Amino acid sequence: MSTVVQPCARCGARWAVRGNPMHWCPRCRGVLLSPASVDAPPERRNYRWVARPPGRRPRDGRAARPATLRDPNTPRYTEIPRWGLRDAPPQSAPGPRDRLAGLTDRAAGLLMTTAAFFAVAALAEAGRYLVLLRNRTRLIHPALLFLSDASVVLTSVLAGAFALLSAIAAAGWLVGARRAAYARTGRQDPRSPRMLLCGCLIPVVNLLWPGVFLTELAARAGDPRILRAVRIWWGAWLLNGVLVVAALCWRFTRTLQAQADGVMFTLYTDLVAAAVAVLSLWVVRLCEGRDLRGRVRMPKRWLAATGPVEPVIEPVRPVTESADRASESVVGKDVGTDAAPAPGSEQEEVMAK
């Protein structure tokens, strides 16, 4: 083996010189130094070994290489990109928003609040009626009388205000529900939003037209339960309108007994109004495919049982002797046939072995 080698200036490999010296390193294509003996002393070598920590630059006074300008268009990530690892469902484009969208989204909450205020107003009227009964024989303290009057007035005003807001919200919901129902079949609602709002909000007129609008909506849905709910709501709505008119007329009576009866009649009117608010929420939920609590209504199928229940798996029965099987005394045992082997049985047994 030759003792003359050529070290590589790039990778540090040493190559034995065989014949003419080489110029390039066969491994890394780096520059090879001039040939030198392996055992040459350090002062006679044409290279010097330098040990540096990884990543440390040499201290030879050479100018540092200018930093290469990075293309700003080249993407650089500090972590594993996740833009290709998530498959989010496509979001539907938002539909057109009208001015009643804020109230329409809160229609369910407004209806429940209206029902609660009418129930509290009925309790206030019941308290006033008890005060009137007490006043027949004894005097009433002014503070108690003031508290009774204030509770009746306050609850009546709040119930009326929330009833108006609920009516506007329900009318806005009706406009959107009819638009969506007709759009599912590729048609446009023949009734304009202005007509729907006027038919639902103008007094006396709104006793008839809301039922017509809801009946048309139920007919588009094709669900008999919605149509039945609309009819129940319509009847309660008409009854509530009649009671409101009668309660207002009862306010103009002069006798004490008639005024006391008017208080009780107002109590019944408040209870019916609370029931109408709950029925309105029921109709809204049914048209949206939900129950009264807002949960998605799951379809159920009821099957009538026309016969006895048949087991799917046959029950296990103990093994008994069949009636069609003959007894052993009649059949007997063929002991002789079993004991006497056939002439070729021994040969067959040998062949089998």
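What follows draws every value from the coordinates through simple rules; no lab data is involved. Since we're looking at a predicted model, the values are computed, not measured. Don't worry about glycine lacking a Cβ; one is built from the backbone with ideal geometry, like all the others, and counts go over all protein chains shown.
Here the stretch 100-288 was treated as a single set of alpha-carbon atoms; its pair distances binned every 10 Å from 0 give 9, 32, 30, 16, 9, 3, 1, 0 percent.
Listed by Cβ neighbour count within 10 Å, with the fewest neighbours leading, Y268, Y77 appear as Y77, Y268. Net charge within 15 Å of G109 by Cβ-Cβ distance, Lys/Arg positive one each and Asp/Glu negative one each, not counting G109 itself? That works out to +2. Electrostatic tally near R128: other residues with Cβ closer than 15 Å to its Cβ, Lys and Arg +1, Asp and Glu -1, net -1.
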